[in-house]
1. Quick one: order A:SER93, B:SER333 by neighbouring beta-carbon count within 10 Å, fewest to most.
2. So for the protein assembly as shown, taking the charge dipole from beta-carbon charges (+1 Lys/Arg, -1 Asp/Glu), which of A:ILE167, A:PRO261, B:VAL139 sits furthest toward the positive end?
3. Considering just Cα atoms, how many Å³ per residue does the convex hull of the range B:183-312 enclose?
4. Jot down the per residue volume, in cubic angstrom and as a whole number, of the convex hull over the alpha-carbon atoms of the range B:77-190.
5. What nm distance separates the two modelled labels at A:ILE345 and A:ASN44, each placed 7 Å from Cα along Cα→Cβ?
6. Towards the positive end of the charge dipole of chain B, with charges on Cβ (+1 Lys, Arg; -1 Asp, Glu), say which of B:VAL154, B:ALA114, B:VAL42 has the farthest Cα.
7. Run lengths n ≥ 4 of DSSP H only: what is the helix-derived mean residue ellipticity at 222 nm for the protein assembly as shown, with -39500 (n - 2.57) per run over all residues, to the nearest 500?
8. By average Cβ neighbour count within 10 Å, what is the ranking of B:67-80, A:248-261, A:45-58, A:24-37 from highest down?
Protein chains: 2
Amino acid sequence: MMKDEIMTTMSNRYQADAAKNRPTMRHVAALAGVGIKTVSRVMNDEAGVSEATRKRVLSASQQLNYQLDMAAGSLRRSGRQTLSIGLLLPSVSNPFSSEIHRALEDTLAARGIAVFAASLDDDPEREKALVAAFLGRRVDGLVLTPIAKSQSYVIPEHSRDLPMVFIDREPVGIEADAVVTDNAVGAAKAAAHLIAHGHTKLAYLGDRADIQTARERKRGFVEELGRAGIATSAVPVIEGLHDEESACQAALGLLRSEDPPTAVFSSQNLVTFGAMRALKELGASRRVALVGFDDFTLADMMDPGITVIAQHPERIGKLAAERLLARIDGDDSTPQTYVVPSELIERGSGELRPR
Amino acid sequence: MMKDEIMTTMSNRYQADAAKNRPTMRHVAALAGVGIKTVSRVMNDEAGVSEATRKRVLSASQQLNYQLDMAAGSLRRSGRQTLSIGLLLPSVSNPFSSEIHRALEDTLAARGIAVFAASLDDDPEREKALVAAFLGRRVDGLVLTPIAKSQSYVIPEHSRDLPMVFIDREPVGIEADAVVTDNAVGAAKAAAHLIAHGHTKLAYLGDRADIQTARERKRGFVEELGRAGIATSAVPVIEGLHDEESACQAALGLLRSEDPPTAVFSSQNLVTFGAMRALKELGASRRVALVGFDDFTLADMMDPGITVIAQHPERIGKLAAERLLARIDGDDSTPQTYVVPSELIERGSGELRPR
DNA sequence: CCCGTGCCTGACAACGATGTCATGCATCAT
DNA sequence: ATGATGCATGACATCGTTGTCAGGCACGGG
């Protein structure tokens, strides 16, 4: 009787407290009349708790709406995992990036791992700052698109076995796993495709040369010209195009020149859009061939459809996640670069022949 | 001499240890020859540390590559903030969602807040599971696109003052801030626009009726018909379209019927794409008017350009972030729904007149 | 009846940090 | 000279959890 009264009072007090502040194991333990270690065992599905006790604890925890504090747990837990990783992308709103993000998320979600995502905007300083921010939150791993000149600043962490996978671009100054597209090969395929359709007067519209993938694509394109015996000097190569507007202007300049190209290769999404706009403005969409690097929504709905070298962001994301999980699980084999092949998709614009 | 030797030995031992395991404040303190509380003060830029000591600590922490453990800190710190929030979207790879994500990130980054992002795929169960997962990581707040029938399951957290902002759709069963587009108004604008261009034979292609925004858009569209005196019974309303393929089939069915509509309104991105494809297939792009809800990349490059009711995801994201920050800072005013106006953008397809 | 063997269980320290508070020391007004 | 004041500093408890370990209890065999 007396004891029941005390129990009731106590449970009321704990319930009232737990409604305002967040309940802890102590609250649950008090309400269930057990020690907190037993609550811990139940919450973690550990063996060695009688069925009766388990039920009492579960009921108490539901009553209080208790939730395990992962942060506190991972502080003490051996292995110290937080079940969260950091993802650094050029921008979370970039379609290519967000496809990677999605694939990564799906693969990691199966293991209960949450993803911190952030945008770098191709700013090396942000890269370092955000890596630090994620490390301070004790992520279990890092997936990032590097932009800084060197990633040697993460060597201390990397040598402490922080799992790390680079995507889209390979790291510099550190040996770590990377998952990339075959940029040079893809660009070469584009050049070969145009040449096979009779073009010799090609033009190259490219992104900023400080971006590794842009350099690779240019290299692949130019090398293919060489193989085909086309004088590089006869092919205008414009670099430094980072948005639609500048690409459009560059394309307009080319197309209005005395001896305009009959085929254009654009090294990236936004550049392709700029080129398309220029062609449309000049009414040349059905006259000048176009192949763009990167696939995009509605490419098949354009007139003509736009032929592209498609990357496979979902494969990149999935592979990166798998590599990261392997590293988290202790794989310590030599870091490797994994290449995801690109794919040429014919839609019309790339199959136009010169007049 | 003796003392120096010991110091050196100690510092070596700590350095070796710190190179393998992650260094803690204890390591830094030992190396700098101070107490850990002093290290804490330096790392948190607290006042009351002499310049000389501060320098010693800073130098030691750099030498060890020390980084503050935010998780451990927030365990003890009053207020208990983790400087991270959870963001739940239909999909991180959905362009509309990822624009919101980006705007949110930018606003929160200024305060050093990191963002956990996850995709719901319109699955109520995932919504609950992911909310729980984020709560277990002790996020400082939650921003989410609700899909479950009711959000009452978060009431316990919400009443414990967990900041929460709903975006795109309003919550059910709980009073909380929300940031939404004026869906009904936008759809009504579309209807009015088509009617103003002489159409009376309209058609509505809509998303699944269990999605709040879809219902609102339909309501706005139908109400506008009423205002214009057009018999609702004469206007085909097709719902339940959730992807491009089903929308295309539905549109084809309509357009091939005996008395086809002269104008189509599509309630969402993918449905618009389906409608566009159907129109193209029938060669009716320049004959049947089309207005779509949601703006999209290249809409102006289509032939004709696609007239849309544009939402403003960047404004939604920014506003949601601002509301969340206000709540985090203690604002406890009555929850409110903030409406971000949509905007009709004329591009050609919506201005076609009936024959 | 006693002791070994499991099975449940909880007390306690520890994880890495911060809040509180007491201490030592130099400085200053009286 | 003396006590008051302020600054710099570190000892210690603590946040919510988990690892370790020892204790209690029931059971069974000798």
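Any read-out appearing in this document is the output of simple, stated calculations on the displayed coordinates, not a laboratory observation. Just so you know, these numbers come straight off a predicted model, no measurement behind them. Note that we place each Cβ from the backbone using ideal geometry, even for glycine, and neighbour counts take in every protein chain shown.
1. B:SER333, A:SER93
2. Most positive-ward Cα: B:VAL139.
3. Taking only Cα atoms, the range B:183-312 has a hull volume of 95 Å³ per residue.
4. In the range B:77-190, the Cα hull volume divided by residue count equals 113 Å³.
5. 4.7
6. B:VAL42
7. Taking each H run of at least 4 residues, the total per residue is -14500 deg cm²/dmol.
8. A:24-37, A:248-261, B:67-80, A:45-58
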